[in-house]
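Colleague: Below you will find the structure I want to go over with you.
Coordinate-derived values only; no laboratory data. Quick caveat: nothing in here was measured; it's all calculated off a predicted structure. For neighbour counting, all protein chains shown are included, and Cβ atoms are generated from backbone atoms with ideal geometry for every residue, glycine included.
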Ligand SMILES: [Cu+2]
């Protein structure tokens with residue numbers, strides 16, 4: 001009986017090629033410290049949401065989507081007035097903690113509150 005051991009077949013693990021170091025996805029996309037503003041929609045003669053709470057240094061953006069109706073944005077405590085506009089957006093960064101009332105001079109029912117912590 002010839003019991004030649006064939007099981008010793010030499011397996012050579014060949015690492016085919018080097019590990020492809022492809023960093024295709026490593027685009028440092030603009031290193032954005034820029035955050036999107038916290039959005040408030042100006043629609044149906046109202047601010048939505050009516051009240052938000054943000055931390056100091058946060059930018060808030062008002063987006064006009066009221067079919068061309070004019071609104072302005074007044075923040076009396078800060079002596080800020082966005083001026084009248086019908087569309088687009090207006091942004092403001094709240095730097096100081098406090099509670100700010102936001103109104104529209106045309107529509108007395110439009111009252112919003114920004115709480116800055
Ligand atoms: Cu208004």
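Colleague: Binning at 10 Å from 0, report for the range 38-116 what percent of all alpha-carbon pair distances ends up in each bin.
Modeller: Cα pair-distance distribution for the range 38-116, in percent: 20, 60, 19, 1.
Colleague: So, in nm, how far is label residue 70 from label residue 35 when the simple model puts each one 7 Å beyond its Cα toward the Cβ?
Modeller: Label-label distance for residue 70 and residue 35, simple model: 3.5 nm.
Colleague: Could you work out how far apart the two model spin labels at residue 105 and residue 56 are, taking each label as a point 7 Å from the Cα in the direction of the beta carbon, and quote it in nm?
Modeller: 3.0
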